[in-house]
1. Tell me, which strands (runs of 3 or more DSSP E) lie completely within the range B:30-149 with 1 or more residues that are not β-branched (Val, Ile, Thr)?
2. In the range A:1-29, which residues are within 13 Å of residue A:85 (Cβ to Cβ) and either of a type in the set (Val, Ile, Thr) or not assigned by TED's automatic domain parsing to the domain that holds residue A:99 (or both)?
3. Looking at A:400, A:363, which is the one that is in the same structural domain as residue A:339 (by TED's automatic domain parsing) and free of Cβ contacts under 8 Å to residues at least 60 places away in the same chain?
4. From the set of residues in the range A:262-321 that are modelled with pLDDT of 95 or more and among the basic types (Lys, Arg), which is farthest from residue A:79 (Cα to Cα)?
5. Please go through (1) in contact with a Pro (Cβ under 6 Å, 6 or more places away or on another chain); (2) at pLDDT 95 or above for residue B:153 and return the number of the only condition it doesn't satisfy.
6. Among the residues of the range A:195-208, is any in contact (Cβ under 8 Å) with a residue 24 or more places away in the chain, touching a Phe, Trp or Tyr at 6+ places or on another chain (Cβ under 8 Å) and surrounded by fewer than 19 Cβ atoms within 10 Å (Cβ to Cβ)?
7. Take the range A:102-111 and flag every residue that is free of Cβ contacts under 8 Å to residues at least 60 places away in the same chain and buried (at least 16 other Cβ atoms within 10 Å of the Cβ).
8. Would you point out the residue of the range A:343-374, among those that are among the small types (Gly, Ala, Ser) and over 28 Å from residue A:306 (Cβ atoms), that is surrounded by the most Cβ atoms within 10 Å (Cβ to Cβ)?
Amino acid sequence: MASMQELVRLMKSLEDQLVVCMRCGMCQAVCPVFSQTGREADVARGKLALLDGLLQEMFKDPRGVYERLNRCLLCGSCAANCPSGVSVTEIFLQARAILTGFMGLPPAKRAVLRGMLAHPELFDNLMAWGARFQSIFTREVNDVIGTSCARITTPLIGDRHFRGLAPKPFHRLQPGLDSAPQRGRPRVAFFVGCLLDKFFPDIARAALAVLQFHGVGVFMPSGQACCGIPALSAGDTQSFGRLVRHNLALFEARRWDYLVTACATCTATIRKLWPVMLREETAALRARAEKMAAKALDINQLLVDEIGLLARERRKGGDPVAVTYHDPCHLKKSLGVAAQPRAVLAANPDYRLVEMPEADTCCGMGGSFNLQYYDLSAAIGQRKRDNVQASGAAVVATGCPACMLQLSDALSRAGDRVAVRHPLELYAESLGTKT
Amino acid sequence: MIRKSLLKEFQIIVGAENVFSEDTDRLAYSYDAAVLEAVMPALVVRPTTGEALGQVVRLCNQNRIPLTVRGAGTNLSGGTIPIADGVVVVTNALNRIEEINEEDMYAVVQPGVVTAKLAAAVEAKGLFYPPDPGSQAVSTLGGNVAENAGGLRGLKYGVTRDYVMGLQFFDVDGEPIKTGSRTVKCATGYNLTGLMVGSEGTLGVFNKITLKLIPLPQDRKSMVAVFDEMAKASEAVAAVIASHVVPATLEIMDNFTIRAVEDHSHAGLPKEAAALLLIEVDGHPAQVQDDAAKVEAICRSKGAADIRVAQSAAERDKVWAARRTALSALAKLRPTLVLEDATVPRSQIPAMVRAIQSISARYGIAIGTFGHAGDGNLHPTILTDRRDKAQWQKVEAAIADIFDRALALGGTLSGEHGTGIAKSCFLEKETSPATILYSKRVKAALDPHNILNPGKIIGG
C-alpha cells in the first residue's frame, strides 16, 4: 500500500465535488440501504463525510472507508433527490477507483474483471459452458417466473431463486445485423448488453423485431463487450477503459442516429458515466466516448419520442391482464425516463396498467451489491415484492434486466406467481412480431 | 476513549450490532446540517427499545459520559454535534407510531418517527398535524420537539410547541418522567412539557411524545403576488397581518432567490420581479373565498403588479413546489450555504428586509432572502465558500449584524432552528445575564454532572 499522503493527494481531485454537500441529510429519505439499516455510514451524506475525512487525514487506514463505500447500490436515488446537486454516483465511482488503485483489486475481482469480462470472447465462451452445466446443480422452482434454485446448498447461490443462463446466448442466435432503414426512419446501433445476451435473449429478439416492424435500420456488430459498469463499480478503471475502447471501435464502424439499448443500466452507464469516468485515458478517446454517449437512448424512449407507437386491436379474449411497472433507478433517476415505458405497456390493449406503491423505489439489485450484501439486497427486494403484490398485478414489467433478475428472485422466494417481463416483450406480442 | 468494560455494558443494553465504535462509523455522527466544525464522538449507540434508551442514559450518567441525542441530524444550529469523548444516542430505530386516536384527536409516537410519515398517517384518517419544517421528509419528531421546530404554516397553525400535549422522558438517571396528558386541558404539576420543548437534549431524553391533531381544512386556495419593489411586498405582508386575515402560509422571495429558483426549476416565475409573495388561505370554502378576496385587495392596494390565483390543484402544487426548491436552488450556486432564521415582530418585516439588503451591500456578500414572512421569520441565506478565510470572516460579521438588527427591532435570534452551539454566545444579548444564570441553575439542578448535551443553548 502506498502512503496515506499519496492517497490524500489523489483524493484532492474530488475536493471541489465533495464540498458541494451541505450535510442537509435529505438523502436519508430515499436511500434504500439506509431505510434498512438506519446507519449514517450507509447513506450518501455519511459516505461523503467519510471521503472528506480521508482528505482531512482523519484515518490511519482507508480500509474502513473503502468497505463502507462499497455498501451502496449506486442507484442514484440520493443524487436525484439532492438539493445541492452533489454528483454522488460520479464521486463514489471515482473514489472507488482511487481506493482500489491504492489498495489493489482483490484477487477474486481481478480474476473476474481483468481475466474474463475485459476479454469479451473468453467471457462468452465461459458463460456458454456455464449454461451447459447449470442444470446439473439447480432445479426449477417457479414455472411462471422461470426461476431455479440450488439442488444442494452452495455458498455462491445460497437460497437465491435465480433466472438461469439461457441455453443459447443471443449472440449465437443472431451474431450480427446491418439493415437499412425505411424512408424517414432512423438507423440505430443496437447495444445488446451482457444480461440480455446471456439471460434474456428473448428480449433482444423482441427488440429487433419491434425495430424491424417500425422500419428502423439496425446496426448490431458482433463481438460486443460489456458496457463497463461492473468494472467501474469495482473501481477497476483499467478494465473499464479496455471495454469502452473495444465497444467504440466496433460501433464506430458505421454511421447511425442513436445508440439504443433495452437495458436501463447499460444506457445510463454509456450516457452518464462514459463521459466522466475516463480521466486516465487520452483526450481523443474521451471525445469519442462523449460523442457516442450523447447518442445513447433507452429503447422505450426511442419508440415513444422518436418513432411513435402503434396501438393494435386486442388479440386475446377476456379481461385485460393487470400489469404493473417497476421504475429502474437507472432509467428514472439517472435518465428521467418514466413515462415512455408506461406508454409502451399501454400500447398493448391485452394488458391494463396498474401502478404499485413506491414504483420508483430501488429493487435492491445493484449488481455486485447483490453478491456482496445478499441479505440487505434481499430485504430491499422483499419490500419491492410486497408492493408488486399490493398492486394485484399478474405481470410486473420493468425496463432493466438486472431489476428483472432481482424481481424474479424476490417473487419466486415468496412463492408468487407473477411473471416478470420487459415492456418490449409485451409490445412485441401486441404487434404479433414476436419470434 | 471508552473503556472496554463499559463498551461491553453498552453492547449488553442495546445489542452489539447497535454499538458503533470504529472510527469510520463514529465520523459519520460528527456533524449535523449546521455549518460548524465536526466533532468525533467516542461511541455511537442505537437503542431499539425505550427501555434500552433509559438504561443508556443511566449508564452515561453513572460514568460521567456526555450524551448527545440525535434523530436525523438535520439540526441547523449544531445541537446534534457531539462532545469529543461523548456518546451519540441515535433514535431512528425508535420509530413506531404507537397510537393515532381519531376520537380524541391525538397521536402517541416514539421520538424517532419521521415527521412526514406521521403527517401522512394522520392525513389518511382525515386529521392534520400542521408543523412542517423544511426537513420534514427526514426529520424526527423527537428532534422537532427538542428544537421547537417551525415550518411554513407557523402564522396560522403555530409551531411544534403548540402540538405537544404530553411527554414521557428520561431524566439524567434514566428514570421515567411523565408530564402533560391526553386531555385537551391539564392543570396538574409544573408545566414540564413547556420546559422540555426546545430544550435541545440538555434536560432529559424523550421516550414518548403525545401530539395534538386537528381536523384537516376542507378547502384551500393559493396565489402568487408579484411586486416591483421588495419594500412594497414586505409592506403588503404587514398589511395582511394588520387586517387580521390569517393565511395558512405567507411566504416571501426576493429577486435573487426568484432567479435562482427559476433557473433551477423553470416553474414559470417572473424573473424580473423584485419580490414575490406566495400565499395560501385555507378553511371552510366560504371563508377561503372571503379571505382570498381580502388578501388580493390588500396586495393590489400595496402596489402588486400582478396577482395569479392557482386555478387547479396542479397549479397550486406548482406554486409550493417552486417555494420548496428555494433552498436547493440557492444551495447550487456556491459551495457553502448558511441559512439564518432571525425573526422579528411582523410589523417590522419591511425594516428587517431593508436591514438585510444593506448588510449584504456593506459586506459585499450574496444574501438571498426568502421565508415565512407572515410569521416574521425570514431566512436570509448567505452564499459563500467556507474555504475562503477572508470572506468567511465577513460572513461571520454579517451574521452578527443580522442578529443585532433583529434584536433591535424587538425580535429573536432564532425563529425555529434553535440556539445550539451556533447562537449560544449571542443568547445573553437577547435575554439578560440573570436569564442565563437562571437557566444554568435549572440545568445544574437537573443534570448535576452536566452530561446531557453539554455546551448547547447556555454554553459551556
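1. On the way: elements: B:43-45, B:67-70, B:87-90, B:97-101, B:106-109.
Filter on the range B:30-149 gives B:43-45, B:67-70, B:97-101, B:106-109.
2. Hits for the range A:1-29 are A:19, A:20.
3. After applying the criteria, what remains is A:363.
4. Per the criteria, the residue is A:288.
5. (2)
6. Within the range A:195-208, none of the residues are in contact (Cβ under 8 Å) with a residue 24 or more places away in the chain, touching a Phe, Trp or Tyr at 6+ places or on another chain (Cβ under 8 Å) and surrounded by fewer than 19 Cβ atoms within 10 Å (Cβ to Cβ).
7. Result: no residue meets the conditions.
8. A:364
The values are calculated or read from the model by the stated rules, or taken from the named source; none is laboratory data. Everything quoted here is computed from the prediction, not taken from an experiment. Ideal geometry is used to build each Cβ from the backbone, glycine not excepted, and the neighbour counts take in all protein chains shown.
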